[in-house]
Amino acid sequence: MDEAALLQCGLFQGDRDSNVTIFSNKMVTTRTEHKCVICWSTIPSKTRVRAQTERDNDDRVVMTFYVCPDCGEALVVAYTEADEQGERLEARYALGIETA
């Protein structure tokens with residue numbers, strides 16, 4: 001996975017209209033299980049993932065969002081390759097909708 005390219009992709013670009021401050025956006029190795037913010041699959045410990053920590057300034061809530069490797073690849077494809085419709089990324093989002 002191209003980690004530098006993944007970090008350049010907007011995680012919630014166009015999905016929200018709230019006032020948000022991003023505190024960190026980096027690649028980490030998980031120490032515990034987390035849920036992927038895109039597909040809601042369980043990310044096992046010791047997995048290399050993108051982690052974005054931000055504060056919703058309206059609600060004054062700090063949260064960290066994790067992106068699993070498969071969704072990370074889909075984000076990179078959607079932002080850097082000829083996937084104009086974002087089909088691969090939309091398929092990953094659909095997994096999260098199905099589990100909700």
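On the basis of the beta-carbon distance and an R0 of 41 Å, Thr80 and Arg60 show a calculated FRET efficiency of 0.75.
Scalar couplings 3J(HN,Hα) for the stretch 59-71, obtained by applying the Karplus form with A = 6.51, B = -1.76, C = 1.60 to θ = phi - 60°, are 8, 6, 10, 9, 9, 10, 10, 10, 10, 5, x, 5, 6 Hz; x denotes Gly and Pro.
In this simple spin-label approximation, Thr53 and Gln8 carry label points 7 Å from Cα along the Cα→Cβ vector, and these lie 2.6 nm apart.
We did not get these values from a lab; they are worked out from the coordinates using the rules stated. Bear in mind that the values here come from a model prediction, so they are computed numbers and not experimental data. Positions of Cβ are generated from backbone atoms using ideal geometry, with glycine treated the same way; all protein chains shown enter the neighbour counts.
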